[in-house]
Amino acid sequence: MAKYYQLNLEIQENRNISPYHKILVLRDKKITEISQPGQFVTILTDGLLRRPFSISSVKKDKFEILYKVIGKGTQFLSKKVKGEFLDVMGPLGNVYKVHTGLPIFIAGGTGIASLRFLAQKLTSSGILFYGVKTKKEIIGLDVFIQKKWKIEIATEDGSYGYKGTVIELFKKYLNGHMIDFQSIYVYSAGPKEMLKMVCEICEKNNLKGQMSLEKIIACGVGACRGCVIKTKDGEYKTVCKDGPVFDINDVLFPID
């Protein structure tokens with residue numbers, strides 16, 4: 001069984017990074033020593049249910065959780081302050097497998113969190129395609145800027161970068177450049193509708209890659225089977241334990 005911990009951790013920071021998003025910083029050497037890109041932690045947010053959050057960065061003995069305040073769980077979390085404690089379990093789930101070639105990241109919204117951790121670990125730079133509704137929702141670019149990635153941003157309202165969706169922007173890139181598709185490896189995370197279209201593009205262009213799926217997760221260790229999905233080979237897998245990272249060619253949509 002994969003190694004993980006359940007601990008009460010003291011909040012180091014819980015700061016605003018946009019009108020809608022915050023970064024939670026926690027400290028624990030045991031978790032940071034074994035955490036890998038793609039993994040997540042669950043946090044007890046209301047006394048009953050645990051919520052999953054991608055690990056978005058690791059720096060020495062501290063790790064970061066990048067989250068959007070949208071529901072009861074994240075609203076509860078957003079009110080926590082430095083010095084308070086949280087019940088945290090992790091690291092959980094599988095990890096991104098690093099492949100040779102040009103890394104292309106396709107992120108939507110807070111899907112950038114797990115990809116941010118992956119960019120931190122990669123030795124080579126690549127291209128980030130990032131889609132949000134408006135420029136006020138652009139977050140988590142610091143690692144990509146520091147490592148000199150090429151960053152392409154799409155906003156649905158046209159307030160920054162390309163006006164439209166990140167899928168349209170990615171298609172435009174593929175159609176407008178002379179590219180050896182065999183040299184590309186795609187990593188993607190974000191809303192299910194976006195991931196479905198990423199899969200379709202990759203299948204059409206014979207591109208390889210991985211994606212991180214989001215689903216309601218209860219136990220986090222594959223015991224309750226509440227986050228099961230069906231893969232293309234007919235096998236049922238849990239997002240929390242077999243995932244959240246899956247090969248692009250294995251994912252079967254729609255995902256409930």
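Give the range 157-185 a look and list any residue that's touching a residue at least 12 places away in the same chain (Cβ under 8 Å), surrounded by fewer than 16 Cβ atoms within 10 Å (Cβ to Cβ) and in a loop (DSSP other than H, G, I, E, B), or say none. Within the range 157-185, ASP157, SER159, TYR160 qualify.
Summed over the range 18-42, residues that are at pLDDT 95 or above and out of contact with any Gly (no Cβ under 8 Å at 6 or more places or on another chain) total 15.
Output the strands (runs of 3 or more DSSP E) that fall wholly within the range 74-144 and possess 2 or more residues being surrounded by fewer than 16 Cβ atoms within 10 Å (Cβ to Cβ) and outside the structural domain of VAL239 (by TED's automatic domain parsing), or say none.
The strands (runs of 3 or more DSSP E) meeting that bar are 85-92.
Would you be able to say whether some residue in the range 75-87 is in contact (Cβ under 8 Å) with a residue 24 or more places away in the chain and within 18 Å of the chain's Cα centre (by Cα)? No. Taking the range 225-256, which residues are crowded, with 20+ Cβ neighbours inside 10 Å, assigned to a loop (DSSP other than H, G, I, E, B) and among the β-branched types (Val, Ile, Thr)? Matches in the range 225-256: VAL239 only. Determine whether the range 5-17 contains at least one residue that is crowded, with 16+ Cβ neighbours inside 10 Å and either at pLDDT below 95 or aromatic (Phe, Trp, Tyr) (or both). No, the conditions are met nowhere in the range 5-17. When you look at TYR96, is it under 15 Å from the mean Cα position of the chain (by Cα) and closer than 30 Å to PHE129 by Cβ, yes or no? So TYR96 fits the description; yes.
When GLY222, GLY209 are screened for being in a strand (DSSP E or B) and surrounded by 13 or more Cβ atoms within 10 Å (Cβ to Cβ), only GLY209 passes. Do we find that ASN14 is farther than 30 Å from VAL198 by Cα, of a type outside the set (Lys, Arg), in a strand (DSSP E or B) and in contact with a helix residue (DSSP H, G or I) (Cβ under 9 Å, 6 or more places away or on another chain) in this structure? Yes, satisfied.
The values are calculated or read from the model by the stated rules, or taken from the named source; none is laboratory data. In this text the structure is predicted, and so the values were computed from the model without any measurement. A quick note on method: Cβ atoms are made from the backbone with ideal geometry, for glycine too, and the neighbour counts reach across all protein chains shown.
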